[in-house]
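Written out below as structure tokens is the structure these notes cover.
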Amino acid sequence: MMQPDQTRQIILDTETTGMNMAGGAPHLGHRIIEIGCVEVINRRLTGNHYHVYLNPDMPIDPEATTVHGITDDDVKDCPRFADVAQQFVEFIRGAELIAHNAPFDVGFMDHEFGKLGAGWAMTDELCQVTDSLVLAKDMYPGQKNNLDALCRRLGIDNSHRELHGALLDAEILADVYLLMTGGQTKLALGQDSEDGSSAAGSDIRPVTLSADALPVIKASSTELESHQETMARVEKKAGQSIWQTLGVAEST
């Protein structure tokens, strides 16, 4: 169980049957077909995530498919939102929900909750909602602030993102959000591990070494003899500078 002083955040993204924004309501005429969430606790990705494809019971716009790559055939045998709603609610309940252009995703989610009938809460009743796009616009006014632009600006590698996908975009947004808010999600040392994997993501830990483990290098007999000869010359010429005795010019 999460301790009371821990902060739990859910980074969320959705994909839909279309992008119709008629009347300012993003859900009009369209449904959610994919939900992807990743969990962050105390500003660390936990590896816990929620991901599901959904059958929307309506055709997917071809224009939307060009964005996310999801077709009608891909989701025809998937569950409906009603089938997963309780599990999804339990995953996000009580967390801070972070989405890029949150009104879009939340509008679709609230539409789906509304279709379930009475007794289902709206998103902002389940969790606090934070729009990372608003944060980005405040930080970088007058600039592009979509995920691709933010990745370039923050040095995040998203070369594997050929199409939009809810879980992949949620993972990328988690990196973007943590970096924008002052956290470091990865550490790249420019070296590979023995198995060939990158060292990125490794924790920095202090090296504790016992004094007994430090190597003791003793002078050889030749070095000791040379040292004794040098000291003898210094004693005979005590009136001169040590540096002059050793043949090294003093700096002025």
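The values are calculated or read from the model by the stated rules, or taken from the named source; none is laboratory data. In this text, all values refer to a predicted model and were calculated from it rather than measured experimentally. When we count neighbours, we look across all protein chains shown, and the Cβ atoms used for this are built from the backbone with ideal geometry, even at glycine. The protein model used for the area step is the full one, side chains on, heavy atoms only, and it has no ligands, DNA or RNA in it. Shrake-Rupley method; radii C 1.70, N 1.55, O 1.52, S 1.80 Å.
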Report summary line: The answer for the net charge of residues other than residue 109 whose Cβ lies under 12 angstrom from its Cβ, with Lys and Arg +1 and Asp and Glu -1, is -4
Query raised in the report: For residue 80 and residue 228 in the same chain, what is the full-extension length gain: residue separation times 0.36 nm, less their Cα-Cα distance, in nm?
Result: 44.3 nm
Query raised in the report: If you wrap a convex hull around the C-alpha atoms of the stretch 49-125 and split its volume per residue, what is the figure in Å³?
Result: 115 Å³
Query raised in the report: Hey, if we sort 122, 109, 139 by accessible area with the 1.4 Å probe, largest down, what's the order?
Result: 139, 122, 109
Report summary line: Long-range amide H partners of residue 45, meaning residues 5 or more apart or on another chain whose placed amide H is closer than 5 Å, are none
Query raised in the report: Once phi is turned into θ = phi - 60°, what whole-Hz ³J(HN,Hα) does the Karplus curve with 6.51, -1.76 and 1.60 give for every residue of the stretch 101-111, x standing for Gly and Pro?
Result: 6, 3, x, 5, 5, 5, x, 5, 5, 5, 4
Query raised in the report: Excluding residue 59 itself, what net charge comes from residues whose Cβ is under 13 Å from its Cβ, given Lys and Arg +1 and Asp and Glu -1?
Result: -4
